[in-house]
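Nothing in this text is a laboratory measurement; each read-out follows from the coordinates by a stated rule. Please read all numbers here as calculations on a predicted model, not as lab measurements. All Cβ positions, glycine included, derive from the backbone under ideal geometry; neighbour counts span all protein chains shown.
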Amino acid sequence: MTKTKTAVIVLAAGLGTRMKSDIVKVMHPLAGRPMVAHLMDTVGGIEPDDVAVVVGDVVGDVSEAVVPYPVVQQKERLGTAHAVLQARDTIGDFSGDVLVLYGDTPLVTLDTLDAMLDARASDIDPAVVVLGFTPADAGDYGRLILAEDGSLESIVEAKEATPEQLGVDLCNSGVMAIDGKVLWDLLDRVGNDNAKNEYYLTDIIALARGDGRTCVVVEADEDELIGINSRVDLAEAEAILQDRLRLDAMNNGVTMTDPTTVFLSHDTKLGQDVSIGPNVFFGPVVDVADGATINAFCHLEGASIGAGATVGPFARLRPGAKVGETARVGNFVEIKNSVLDTGAKVNHLTYIGDAEIGAGANIGAGTITCNYDGFFKSKTIIGKGAFIGSNTALVAPVTIGDGAVVGAGSTISKDVTDDALGVTRADMLQVEGWAAKNREKKLAEKAKKNKK
Ligand code: UD1
Ligand code: CA
C-alpha cells in the first residue's frame, strides 16, 4: 500500500490578545524557543508532502521560526476556517490527508498525529478526524457533540453552547485530519453568523455530516493539547514541556536529585551518568559530556562541559564557556567565552572572561581577568600547570607561561614567562612589639575615659 500523501496547515495568525503582549503569540518561548518552533519539529516528524504556515501581519519573526516551511499571510483575522483557506494556493487541489494544527497548541506529539492519520485511513473513511481531549477545566474550549453511534456530530464553541452542551467534558483541541478531496468545498460553505462573527473551522463537521460523511474523534491526553491563550497557559505549557524534557534526560541515564527544580532548554544535551543537583538552570545550547557533575544552583548558557568535569555549586557559565574534561569550576565563579583545558581548576569567587586556561592550571580564589577596558575586550592566556595566587587581577591582554606562578594579590599587566614567578606586592614591614605596646596604650586611654 502506498502511503497517503499528507499536507499540513499550521494556523498561527491569531493576535493572542489575551497574552497582553507586543510579541505575536506563537513566538512566545517554551523551553528556550518559540512555541511554534516546537510544533514545526513535530510536523517534520511526519515527513509531510506539503506545508503552509498561516501567519498574520508580523511575518518576519514567525517565518524565521518555521524555517524551512513556507508562510502565507492572513491579512484579516476572520476566524480559523478563513485562516485555513489562506493556504489554498499553496496546497492546491490535494487528494491526500490535510492536517490542521494550531500554533498555540504546540505540545501535540507525533504518536498522536500518527493515530489521527491512521483513523483517517480506516474503512469508514471519515471526512474529518478531530483530536479531542477531556481537560480538567473545559472553559472556553469548543465542545465535541457525539452522535449515538459514537461518531462526531458537531463542534459547538463555548460562546454558542447551550447549558447542556457546556456540560460536555469532551473538548476540541483544534487539531484535525481532513480528507483533502472535500476540504476546500467544505470551507467555502462556512459562514460567520455566530457570536464572534468569525468563520469557524469547527463548522465543517456539521457540513460534512450533512453531505452524508462520517466524522470521528481520536482522544489524547490534556498534557499535549493545552491551548495557550494567556501567560498562565504559557506557564502551564512550560511545566508540561519541562517534565517531558526531564523524563527524557533521566531515561537516558541522567541523575537528577530534585528533577522539578531543574530547568532545561529544548536543545540541552546531557551525556550518560551526568548528575545534576537541585535548582540548576540550562539556557540554550548547553552540552554536558558523560559523567560530569553539575552541583546545585548553577546557571548555564551556551556552555560545553567535558566528561567527568565538576561545576558548582553556584557557578555561572555564560556563552562560549568550554570546561574541559575533569576540570573543576567551583562556587561563585563566572566564566564567559573561555576555554578551561583538561583538569584545570577554578574553584572559588572568580571571573574568567575571554581567556584560555591550560591543562592542570590552578586559578586561586578571587582571581579576575580584567578583559574589558571600557572600549575593547582583550585576551588572557594562562599556560598549562600555571598557578595563579588568590586575589589576582590579570590585566588583559596578558600571557602567563606554562608552569609559571603568580603571587597572591598581584596585579599582572605584563607577560610572565614559562616557569617564572610574577608578583606585584609592596614589601612587608614588620615592627617588633608594636601591637603589644599599642594594646597597652589603648587600654589605658579607655580606663581613663571610663573613670570620668
Ligand atoms: C479554537 C477552536 C476551539 C478549540 C480551541 C482549542 C475554533 C472556532 N475554535 O478556539 O473549538 O477548543 O481552539 O485550543 O476553531 N487563528 C488564525 N487566524 C484567525 C483565527 C485564529 O490563524 O483568524 C489561529 C490562532 O493563531 C491559533 C488558532 O488559530 O493558533 C486558534 O485560534 P484561537 O483564536 O486561539 O481559537 P480558540 O478561541 O482558542
Ligand atoms: Ca486558542
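Taking the square roots of five times each eigenvalue of the Cα gyration tensor of segment 254-422, the equivalent ellipsoid has semi-axes of 29, 15, 13 Å, listed largest first. The H on the amide N of T392, modeled in the peptide plane, is under 5 Å from the matching H of T367, I368, G409, each at least 5 residues off or on a different chain.
For each pair in K5/K159; K269/K414; K20/K196, compute the distance between the two Cα atoms and list the pairs where it is over 28 Å.
Beyond 28 Å: K5/K159; K269/K414.
Taken one residue at a time, the phi angles of segment 200-208 give Karplus couplings (6.51, -1.76, 1.60, θ = phi - 60°) of 8, 4, 4, 5, 5, 5, 4, 5, 5 Hz. Gly and Pro are set to x. Where both bridge residues fall in the chain, DSSP classifies roughly 20% of the beta bridges as antiparallel. Across all directions, the average flat footprint of the convex hull enclosing the Cα atoms of the chain is 35.0 nm².
Near I305, the amide H atoms lying under 5 Å from its own belong to D287, V288, A289, V323; only residues 5 or more places off or on other chains count, and H is placed 1.01 Å from N.
Taking θ as phi - 60° and the Karplus parameters 6.51, -1.76 and 1.60, the scalar couplings of segment 422-428 work out to x, 8, 10, 7, 5, 4, 7 Hz in sequence order, x denoting glycine and proline. Once the chain from A436 to L247 is taken as fully extended at 0.36 nm per residue, the excess over their C-alpha distance is 61.5 nm. Taking label positions 7 Å along the Cα-Cβ direction at both D415 and S95, the computed distance is 7.5 nm, reported to one decimal.
Charge tally for A303 (other residues, Cβ to Cβ under 12 Å; Lys, Arg +1; Asp, Glu -1): +2. The order of the peptides 203-213, 391-401 by mean Cβ neighbours within 10 Å, most packed first, is 391-401, 203-213.
Remark: the R77-L110 segment gains 9.0 nm on full extension, using 0.36 nm per residue and subtracting the alpha carbon distance. Compared with the direct C-alpha span, the chain from S151 to V395 gains 80.4 nm at full extension, assuming 0.36 nm per residue. The relative contact order of the chain, computed from alpha carbon pairs under 8 Å that lie at least 6 residues apart in sequence, is 8 percent.
Can you tell me what share of the DSSP beta bridges in segment 6-225 is antiparallel? A percent to the nearest 5 is fine.
In segment 6-225, approximately 45 percent of DSSP beta bridges are antiparallel ones.
Can you work out the FRET efficiency for the pair T4 and A296, with r the C-beta to C-beta distance and R0 = 51 Å, to the nearest 0.05? FRET efficiency, T4 to A296: 0.50.
Across segment 179-196, coupling constants 3J(HN,Hα) worked out from phi with the 6.51/-1.76/1.60 Karplus curve, θ = phi - 60°, read 5, x, 5, 10, 3, 5, 5, 4, 5, 4, 9, 6, x, 10, 7, 8, 4, 9 Hz, and Gly and Pro carry x. Starting from the amide H of V406, placed 1.01 Å from N in the peptide plane, find each other amide H under 5 Å away whose residue is 5 or more places distant or on another chain. Sorted by chain and number, the residues that satisfy this are F387, I388, G389, G422.
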